[in-house]
Structures are given as C-alpha cells and as structure tokens.
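Beneath this line is the structure, given in structure tokens, with notes to follow.
The values are calculated or read from the model by the stated rules, or taken from the named source; none is laboratory data. Source: prediction; values computed, not measured. Don't worry about glycine lacking a Cβ; one is built from the backbone with ideal geometry, like all the others, and counts go over all protein chains shown. Please note that ligands, DNA and RNA were not included when accessible areas were found on the heavy atoms of the full protein model with its side chains. Shrake-Rupley method; radii C 1.70, N 1.55, O 1.52, S 1.80 Å.
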Amino acid sequence: MTRLLAVVGEGAVGTPRVDAVQVRAKQASDREVVAWTRELLAELAPRGTRVIVNDRLDVALAAGAHGVHLGRNDLSVADARALAPVDFLVGATCRGPEHAIAARAEGADYAGVGPVHATSTKDGLPDPLGLDVLAATAREIPAIAIGGITAARVRDVMTSGAHGVAVVAAVWKDPDPPGAAREIAELVHTS
C-alpha cells in the first residue's frame with residue numbers, strides 16, 4: 001500500500017502549511033518510489049514543502065529528496081549522515097529520550113516519536129507512549145509526534161513540547177483531506 005505521511009508545522013512567514021510529505025511505499029519498486037518522489041518534488045518543492053523518503057537513503061538520494069526518515073531497523077543515522085549531503089534531513093524513529101539522545105549523537109535532525117496514542121494506521125506497534133514520554137523526548141531532540149494524532153489532540157501534543165505532528169488517518173480518512181491538513185497546520189501554528 002502506498003501512503004503519504006504529512007508532517008505539519010509552522011510554515012514560512014507564520015503561514016500554516018504542510019512542511020513535509022513523507023513517501024512511504026513499502027510495496028512499490030525502487031523505480032516507482034524514485035519516480036513518484038520526483039513528481040512530488042516538482043509539485044511541492046516550489047511551495048516550500050519538503051519531500052522525505054521513508055526507510056531508504058539510496059532511494060531518497062537518487063530521487064533528489066530533501067531527506068530520509070529511518071526506522072529502528074534501517075540504516076543507522078550515523079551511516080546515513082556520513083553518506084548524505086550537509087543540508088539533507090535525517091530523521092529517526094525514537095521511543096523515548098534514550099533513543100533521542102543516541103539519534104542526536106549520530107546526527108539526526110529530528111525524531112519521529114510514537115506512537116503517542118493508539119493508532120490503526122500500522123499493524124504491530126508497541127503500546128502508546130503518551131504525552132509524558134513525548135515531552136521527555138522533545139527535550140532531547142526536535143520531536144515530531146506520530147500515532148493517533150487528530151485535530152482534537154494537536155494542542156495537547158504541542159503543549160507537551162512537540163515540534164510538529166505527523167498524521168496519516170487524520171488527513172486521509174477525512175472527507176476533505178486538504179481541509180483536514182489545513183486545520184491541523186493551523187492548530188500546530190497557533191499552539
């Protein structure tokens with residue numbers, strides 16, 4: 001299944017917007033992901049939206065993406081940082097402050113922290129971390145909260161110290177995905 005993961009935060013000149021889109025296409029071929037990433041870059045980069053590839057540094061670099069997000073079993077952050085250009089974003093999945101400290105030491109720019117709340121978007125996830133673990137992790141590295149994030153939960157997540165949120169279901173299951181993304185971006189911006 002191919003999905004986009006929209007990461008929303010404060011946009012340029014204080015205008016709320018989607019700051020980044022993560023390409024997550026586990027079942028697609030490398031060539032398909034590269035082509036799709038390039039299409040997204042052509043459409044979104046002029047608007048200031050970054051395109052990040054999930055899991056695969058090689059695919060991200062081949063496509064000219066702005067960054068890569070690495071899971072706990074992917075290439076290490078240190079190895080990715082050694083291979084990537086200086087301005088290339090490297091994110092790491094973190095389950096708490098100890099993971100965040102290690103990711104930061106290896107050169108991660110941010111951490112995807114979660115699941116903060118229960119979610120049905122991905123199977124086999126561990127129990128939700130909650131806001132206290134998110135807050136502790138955000139003190140170590142810029143934290144993007146993921147997992148069960150809805151418009152109703154954005155203020156609490158941001159108040160806990162998150163630097164932004166990553167959403168899937170809150171946008172894609174909404175009858176108006178662009179409207180849902182704008183609403184969440186506005187909430188992140190005003191929190």
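For the pair segment 123-145 and segment 86-105, the centres of their Cα atoms are 12 angstrom apart. On full extension, the segment bounded by Glu32 and Ile101 gains 21.4 nm, given 0.36 nm per residue less the C-alpha separation. Normalising the average separation of contacting C-alpha pairs (under 8 angstrom, six or more residues apart) by the number of residues puts the relative contact order of segment 53-131 at 22 percent. Among the trypsin sites (Lys or Arg not before Pro) in segment 96-147, those placed in a DSSP loop whose Cβ has at most 15 other Cβ atoms within 10 Å are Lys122, Arg139.
For the pair Asp127 and Ala152, what calculated FRET efficiency results from E = 1/(1 + (r/R0)^6), where r is the Cβ-Cβ distance and R0 = 25 Å, to the nearest 0.05?
On the way: r = 21 Å, r/R0 = 0.83.
Using R0 = 25 Å, I get an efficiency of 0.75.
Here the label points at Ala42 and Trp172, each 7 Å from Cα along the C-beta direction, are separated by 2.3 nm in the simple model.
When all alpha carbon pairs of the chain are counted in 5 Å bins from zero, the resulting P(r) reads 1, 9, 17, 21, 23, 18, 10, 2, 0 %.
Residues Val86, Val154, ordered by accessible area of protein heavy atoms at a 1.4 angstrom probe radius and largest first, appear as Val86, Val154. Among the protein heavy atoms, those of Asp58 account for about 90 Å² of accessible surface (1.4 Å probe, every chain in place).
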